[in-house]
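As structure tokens, the structure follows; a few thoughts come after it.
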2 protein chains.
Amino acid sequence: MASANPNKQQRSHSRLNAVLDAGAMLFATRGYKATTMRDIASQAGMQPGSLYYHFASKQELLQAIYEIAVEQAQSRLDEAIRSGKNPQAKFEEAIVCHTETMLDQDNYARVMTGVLPGDAPEIEAELTTLRDGYEDSFRRLIRALKLPPKVDRKMLRLFVLGAINATRTWYAPGGKTPRQIGLQIVEILKQPL
Amino acid sequence: MASANPNKQQRSHSRLNAVLDAGAMLFATRGYKATTMRDIASQAGMQPGSLYYHFASKQELLQAIYEIAVEQAQSRLDEAIRSGKNPQAKFEEAIVCHTETMLDQDNYARVMTGVLPGDAPEIEAELTTLRDGYEDSFRRLIRALKLPPKVDRKMLRLFVLGAINATRTWYAPGGKTPRQIGLQIVEILKQPL
DNA sequence: CTATTAACCTAACGTTTGTTTGTCTAAGAT
DNA sequence: ATCTTAGACAAACAAACGTTAGGTTAATAG
């Protein structure tokens, strides 16, 4: 009955991380359906069948990536929120942070916006729950905000997140930096039209 | 050498429109890759092979739908813009109109946001050109706007369109109407945060 | 009435898909 | 030195995919 070591000590030459990285990159840029297991295997430098040593199915691979993505994004966001000195500053920091996260090329978080809900029906509920957890931070931030009476808090959250998540469709490195883009969103929200 | 009638008079019992409607509906809700020709045929009430009497390929079907979509959206938008009495009012009318268009269930326009760029590589350029034409209306509207100096016009356009296009991911009939949602966007832009 | 053709259907083609199976290799444990 | 097993490979599977080919029907034109 084997080792007394409870750690799932992975061997040094395991390419699990290469698989996760490849999947995250391809799911984020091409979407779930448009990415094949062969694409992922090729990008990770291995054979298609080998992926199934690490994950039982394509959907499970997506779920694993999604969990890492939310975790990464969440910890980034928490730190940004801490740095804000009042509710309004916290909200602004969060906006800039989320924008940077979504435009960071080597980050998993773009999978959250690159995968259509319902592309993986069997795990759709889990993915939605994960994403909702992340968005809860924004819920709390906006609740603590002083706002004009005509502004609906739920709508504000959905519009801001929608605008930021859409940046991935037009962003191109070389122009404005992710940080500048995030700051512009804040600016547009602060200036009355 | 046939008829002197130059009209491409389509027969009354042709189900071309059923094909277009089915394709628009499925591409809009599931995306391009996730929609199969069999899905479309089934929804249109015919056999998969029959689709190829009307269109030479899946991509050509998408293109035809896309062209109708942009045309519909454009004519709606033009009318809304006409109804605004000054640049600011025109911009606001355009926001509400575009929101209603995107959330209209029986409209083709959702295909513009439901299909990922690059899903159909061979016609990607045409699709982008079509969409750019539509967005040009917003470019012109924003150019005519009096704005605070710190607000970048290009960013304002991308953020507003991004926020509106994202509504399709969370909108559910029964809650706020498309019109109310559009008006809330305007409200959030007008009120300083 | 006959010839034509628009608009489908039926049936299959070749390819790509996610996945499974069995084998090999090398690293760590005994 | 031997055993075990993590981690990969090579090859194939069945299903689903976009697409094609040929036959059928019914409306229209002459």
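Numbers for the structure displayed
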| quantity | calculated |
| --- | --- |
| Segment A:96-111: number of residues that are of a type outside the set (Val, Ile, Thr) and crowded, with 21+ Cβ neighbours inside 10 Å | 7 |
| Residues of segment A:170-193 that turn out to be surrounded by fewer than 18 Cβ atoms within 10 Å (Cβ to Cβ), farther than 18 Å from A:Phe91 by Cα and facing chain B (nearest Cβ under 7 Å), as a count | 1 |
| Among (1) at pLDDT 95 or above; (2) farther than 27 Å from B:Arg153 by Cβ - the single one A:Asp106 does not satisfy | (1) |
| Some residue of segment B:48-56 being at pLDDT 95 or above, over 22 Å from the mean Cα position of the chain (by Cα) and more than 15 Å from DNA strand D (Cβ to nearest atom) | no |
| Matching helices (runs of 4 or more DSSP H) fully within segment A:14-68 where at least 1 residues are more than 10 Å from DNA strand C (Cβ to nearest atom) and under 23 Å from A:Met102 (Cβ atoms) | A:16-30, A:37-44 |
| Residue that is modelled with the highest pLDDT [pool: residues in segment B:116-144 that are facing chain A (nearest Cβ under 9 Å) and crowded, with 16+ Cβ neighbours inside 10 Å] | B:Asp119 |
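The values are calculated or read from the model by the stated rules, or taken from the named source; none is laboratory data. For clarity, every value in this text was computed on a predicted model and none was experimentally measured. Heads up, the Cβs are rebuilt from the backbone with ideal geometry, glycines too, and the neighbour counts pull from every protein chain shown.
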